[in-house]
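S.K.: Below are the structure tokens for one structure; questions will follow.
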Amino acid sequence: KNKSFEKESEVNAFMKLFEYDFNTEPSIWVPGEKLREDIKGATKKNFATLCKLAYLNYPLAGQKQNVEYVIDKNPVYSLHMPLLQSVFPDAKFIVLVRNYKDNALSRKKYAYSPRSVFELGVAWEFYYEKMLADIERYKLNAHFVRYEDLVSSPEETLRKMCDFLGIAFNVAMLNHKEKAKEMRAHLRENTSGGKFEQVMEMHANLESDVNTQRVKAYEKELSPKENAILDHLCFEMGKRFGYIEGN
């Protein structure tokens with residue numbers, strides 16, 4: 001993040017990053033020469049600028065003119081908020097919270113390898129403990145959104161998010177289904193058959209209307225033992241976010 005990117009070797013190193021597989025998520029895009037040209041023409045060459053140009057070169061980025069915010073959702077960012085803040089000093093963080101039991105159920109169902117509820121519960125608790133600690137320690141500009149509020153009152157929740165970002169609410173924000181269809185077409189062109197089916201199964205509900213059907217799905221789909229394990233592991237953060245009542 002401290003490179004000047006005036007040297008071709010530094011730009012090449014940045015471009016090379018997109019060829020690596022850093023985690024288990026399928027990679028569906030490698031930038032072309034257009035990104036290299038944009039970097040060459042940039043008046044201010046630093047790591048933050050290169051990251052922004054990469055986002056704007058992504059095929060599904062939509063409108064490329066007069067961009068006010070770049071928004072990227074990736075769970076692993078939760079562990080690196082202070083580092084992101086150091087690269088993007090004006091960064092704003094939207095922290096999405098979901099009931100730990102429904103979270104574990106979903107992640108168990110769509111995991112690339114078998115996952116136990118013990119492992120998933122420990123991860124949920126750890127992630128939110130880390131985020132809350134970092135937000136407090138580094139005075140990060142963060143806004144919390146509960147998944148349950150987003151699906152039960154989508155417009156109200158989105159309006160609050162827009163207020164936090166300092167942008168105007170647009171009713172088109174509720175029309176996520178068209179963007180989901182674009183994503184499907186892009187995935188079909190850029191992933192193998194097996195990966196395509198796996199990703200589309202995971203994100204199938206993106207092409208559905210917002211609904212509350214998956215709220216408390218754990219009541220029917222997790223065993224009493226699994227529920228008890230998760231209650232024990234996630235007690236502190238579960239209570240903090242209102243998913244556990246009492247002492």
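S.K.: For the stretch 231-247, state whether one or more residues are open to solvent by 50 Å² or more (accessible area, probe 1.4 Å), among the β-branched types (Val, Ile, Thr) and over 29 Å from Leu174 (Cβ atoms).
M.R.: No: the stretch 231-247 contains no residue that is open to solvent by 50 Å² or more (accessible area, probe 1.4 Å), among the β-branched types (Val, Ile, Thr) and over 29 Å from Leu174 (Cβ atoms).
S.K.: Go through (1) modelled with pLDDT of 75 or more; (2) over 18 Å from the mean Cα position of the chain (by Cα) one by one and return the number of the condition Phe196 breaks.
M.R.: The number of the failed condition is (1).
S.K.: Among the residues of the stretch 103-118, which ones are in contact with a helix residue (DSSP H, G or I) (Cβ under 9 Å, 6 or more places away or on another chain) and either in a helix (DSSP H, G or I) or polar (S, T, N, Q) (or both)?
M.R.: Correct list: Asn103, Ala104, Leu105, Ser106, Arg107, Lys108, Lys109, Tyr110, Ser116, Val117, Phe118.
S.K.: When the stretch 215-230 is examined, which residues are found to be surrounded by fewer than 17 Cβ atoms within 10 Å (Cβ to Cβ) and in contact (Cβ under 8 Å) with a residue 12 or more places away in the chain?
M.R.: Val215, Lys216, Ala217, Glu221, Asn227
S.K.: I need every pair where a residue in the stretch 101-113 that is in contact (Cβ under 8 Å) with a residue 24 or more places away in the chain has its Cβ under 6 Å from the Cβ of a residue that is of a type in the set (Asp, Glu) and surrounded by fewer than 17 Cβ atoms within 10 Å (Cβ to Cβ), sequence separation at least 6 or different chains.
M.R.: Leu105/Glu221
S.K.: Any residue at all in the stretch 173-185 that is in contact (Cβ under 8 Å) with a residue 40 or more places away in the chain, open to solvent by 60 Å² or more (accessible area, probe 1.4 Å) and over 20 Å from the mean Cα position of the chain (by Cα)?
M.R.: no
S.K.: Within the stretch 1-43, take every residue that is closer than 26 Å to Asp90 by Cβ and at pLDDT below 90 and give me the one that is surrounded by the fewest Cβ atoms within 10 Å (Cβ to Cβ).
M.R.: Taking the candidates together, the pick is Asn2.
The values are calculated or read from the model by the stated rules, or taken from the named source; none is laboratory data. All values reported here derive from a predicted model rather than from experimental measurement. Neighbour counts are summed over all protein chains in view; Cβ atoms, including those assigned to glycine, are modelled from backbone coordinates with ideal geometry. With ligands, DNA and RNA removed, areas are computed over all heavy atoms of the protein, side chains included. Shrake-Rupley method; radii C 1.70, N 1.55, O 1.52, S 1.80 Å.
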